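Take a look at the structure below.
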Amino acid sequence: MNKIETYNKSVYVFRDGQPKLLHIRNYTSSDIEQLINLQRECFPPPYPADLLWNREQLLLHIERFPTGALCAEIDGQIVGSLTAMMTTFDPNHMSHSWAEMTDDGNIGTHEKNGDTLYVVDISVSPSARGLGLGKQMLQATYELVVALKLQRLLGGGRMPGYGAVQHEVSPEHYVDDVLHGKRRDPVIGFLLHCGRTPVAVLPDYLDDEESGNYALLMEWRNPFLQTSGT
Ligand SMILES: CC(C)(COP(=O)(O)OP(=O)(O)OC[C@H]1O[C@@H](n2cnc3c(N)ncnc32)[C@H](O)[C@@H]1OP(=O)(O)O)[C@@H](O)C(=O)NCCC(=O)NCCS
């Protein structure tokens with residue numbers, strides 16, 4: 001595996017037609033206060049407050065896999081963050097919860113020789129949504145997948161539109177409806193727009209009332225490591 005230490009990129013995004021310089025870079029211990037405030041903004045109740053990042057967890061991300069600790073900054077303010085770790089994908093044992101995969105968000109399960117980059121968390125401030133920041137941060141992870149010569153990016157996408165209709169349709173049916181344009185889901189829709197494709201529906205993924213505790217496992221495969229027909 002290649003050794004990659006840091007990620008740093010500057011690109012322009014557009015707010016009301018006006019260019020804004022966006023920096024995607026690794027977060028460090030001096031960013032922690034801003035990251036905690038961002039989490040509160042991005043995951044309001046009913047999302048459980050104990051699932052928001054605390055200082056200790058953020059320090060563990062920086063210590064255990066600094067390359068996967070990413071933030072998006074505009075005008076010196078952190079307006080987005082994404083945390084990733086590495087794992088080994090086993091197609092015969094796909095079922096997992098967020099807590100099992102990520103060691104309750106402490107990423108003690110990070111496998112430095114794994115074949116898969118796993119998205120632990122992604123969020124963008126409500127004040128900066130729709131500018132392409134989420135997509136730029138995912139783009140950064142795709143670049144890491146290629147640079148680290150990994151097989152894929154993987155992550156469980158919340159499906160916050162599902163909770164409200166869970167007594168009417170199964171989660172698989174709901175996802176199928178989203179894929180056929182019959183329903184819209186804000187997170188699955190976002191991930192599809194960002195190039196992710198569905199792998200499996202995971203029950204009991206997260207204590208996430210809006211999603212009926214389900215998630216859709218979605219991947220992005222390293223195009224350089226695929227053989228035709230796979
Ligand atoms: C999901 C989230 C990260 C999206 O971030 P964002 O910066 O607003 O998204 P972007 O502006 O980068 O959008 C990228 C693409 O997704 C699309 N998209 C964004 N939100 C969408 C939505 N609600 N429904 C459908 N598509 C959506 C955009 O139209 C864009 O598509 P395009 O590039 O083809 O034009 C943000 O809404 C968020 O932080 N939500 C709360 C936290 C959360 O639920 N995180 C996910 C945990 S799994």
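With viscosity set to 0.692 mPa s and temperature to 37 °C, compute the Stokes-Einstein D of the range 1-132, Rh being the Kirkwood radius across alpha carbon pairs; µm²/s, no decimals. Mind showing how you got there, number by number?
Details: Rh = 15.7 Å.
For these conditions, the coefficient is 208 µm²/s.
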In whole Å, largest first, the alpha carbons of the range 158-222 cover along the principal axes 36, 25, 16
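Could you calculate the contour length gain from Leu59 to Ser127, that is, 0.36 nm times the residue separation minus the distance between their Cα atoms, to one decimal place in nm? Could the numbers behind the result be given before it?
On the way: separation 68, 0.36 × 68 = 24.48 nm, distance 2.57 nm.
Fully extending the segment from Leu59 to Ser127 adds 21.9 nm.
For a footprinting-style exposure proxy, rank Ser170, Ser97, Ser228, Ser81 by other Cβ within 10 Å, fewest first. Present the calculation step by step, with values, prior to reporting the outcome.
Values: Ser170 12, Ser97 17, Ser228 4, Ser81 27.
Listed from fewest to most nearby Cβ atoms, that is Ser228, Ser170, Ser97, Ser81.
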Around Glu219 (Cβ within 10 Å, Cβ-to-Cβ, excluding Glu219; K/R +1, D/E -1) the net charge comes to +3
Pairwise FRET efficiency - Ala200 versus Leu179, Cβ, R0 = 22 Å, nearest 0.05: 0.95
Under the 7 Å Cα-to-Cβ spin-label approximation, Glu143 and Lys20 lie apart by a distance in nanometres of 1.9
Stick to the Cα atoms of the range 110-216, pair each with every other, and give me the Kirkwood hydrodynamic radius in Å at one decimal. 14.8
Pairwise centroid distance, computed over Cα atoms, of the range 157-230 with the range 1-59, Å: 23
What does the charge count near Val11 come to, summing +1 for each Lys or Arg and -1 for each Asp or Glu among other residues with Cβ under 14 Å from its Cβ? +3
With only helices counted (DSSP H, runs n ≥ 4, each -39500 (n - 2.57)), the per-residue ellipticity at 222 nm for the chain, to the nearest 500, works out to -7500 deg cm²/dmol
Using θ = phi - 60° and the Karplus relation 6.51 cos²θ - 1.76 cosθ + 1.60, list the HN-Hα couplings for the range 77-82 in order, rounded to whole Hz, with x at every Gly or Pro. 10, 7, 10, x, 8, 9
So, in nm, how far is label Leu225 from label Asn8 when the simple model puts each one 7 Å beyond its Cα toward the Cβ? 2.7
Between Ala200 and residues 5 or more places away or on another chain, the pairs with built amide H atoms under 5 Å apart involve Leu217
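Please compare each pair in Lys20/Lys149; Lys9/Lys112; Lys20/Lys182; Lys9/Lys149; Lys20/Lys135 to a cut-off of 25 Å on the Cα-Cα distance and tell me which ones are over it.
Values: Lys20/Lys149 32 Å; Lys9/Lys112 23 Å; Lys20/Lys182 35 Å; Lys9/Lys149 20 Å; Lys20/Lys135 15 Å.
Violating the 25 Å Cα-Cα cut-off are Lys20/Lys149; Lys20/Lys182.
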Alpha carbon Rg of the chain, scaled by the compact-globule rule 2.2 N^0.38 Å: 0.98
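Laboratory data are not the source of any read-out in this text; all were calculated from the coordinates shown. All values reported here derive from a predicted model rather than from experimental measurement. We place every Cβ from the backbone using ideal geometry, glycine too, and count neighbours over all the protein chains shown.
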